1. Once each part is reduced to its C-alpha centroid, what is the distance from the range 88-130 to the range 28-83 in angstrom?
2. Could you calculate the contour length gain from His74 to Glu29, that is, 0.36 nm times the residue separation minus the distance between their Cα atoms, to one decimal place in nm?
3. Using 7 Å Cα-to-Cβ label points, what is the Tyr85/Leu65 separation (nm, one decimal)?
4. Mind putting together the pair-distance distribution for the range 11-52? All Cα pairs, 10 Å bins, whole percent per bin, short to long.
5. What fraction of the Cα pairs in the range 1-104, stated in percent, has a spacing above 20 angstrom?
6. Please list, in order, the residues from the range 113-131 whose amide nitrogen is less than 14 Å from a point placed 7 Å along the Cα→Cβ vector of Glu17.
Amino acid sequence: MPGDLTPLQYAPLSKGEARLLYATSSGSEIEWTLKPARLLRGPGEPPLEFDALSYTWGDFERAALLRINDEALHVHHNLNEALPYFVPRLNGRPIWIDAICINQQGDDDKTQQIALMAHIYRRAQVVWAWLGYHDDAVHKLLDKIVAVAAQMTDDGTQIPRWELSQLEGEPTPSWYKRLWVVQEVHSRSNQSEHRWIR
């Protein structure tokens, strides 16, 4: 990758818009394009098809340089490891990833986009959960996570305390410890698939 790329520039979004990341594979190279999209569709409009990623940011000390829109963005090592796995699995759909699709340097953008996160995960065709590199024992927690998520209220915010207590004392990788995990992998009004990759 050329070392003289300028930092990725984020254009302002209109109300109800989000950015989606598109992947194009050309041999061993992956080209990434970030485009705005209207999340709310009008009557008669086809639904917006996209996937979303749930993961943990991890250590930024091993950040990688990603080329997006012919510009440069530094991403966490954990995300950089995950990205190549999604290209053959997206079936041409774009994907929403918070660290890329939200301008992390812009407070206004973060405020606006964080408010849309529940809607984004609810409307995604597939919510991918990147677990990183762990042994199979880690995946035994998935059934418990899904069971707890099933107790969420329609607005995706409240979980009975006794349900959350089922997860206490479990050996958990960093992904399971994130505050947003349950909201990301389940919403009552969502018919999304949930797929787990490690």
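1. Here the two parts' Cα centres lie 8 Å apart.
2. On the way: separation 45, 0.36 × 45 = 16.20 nm, distance 1.76 nm.
Taking 0.36 nm per residue and subtracting the Cα distance, the gain is 14.4 nm.
3. Going by the 7 Å Cα→Cβ label model, 2.6 nm.
4. Bins of 10 Å from zero give 24, 44, 25, 7, 0 percent of pairs.
5. Values: 2185 of 5356 pairs.
Looking at the range 1-104, the distances longer than 20 Å represent 41 percent of pairs.
6. Answer for this model: 113.
Read-outs throughout are calculated quantities, based only on the coordinates presented, and are distinct from any laboratory measurement. Here the structure is a predicted model, which means the values were calculated and not measured. Here Cβ is always computed from backbone atoms with ideal geometry, including for glycine, and neighbour counts include all displayed protein chains.
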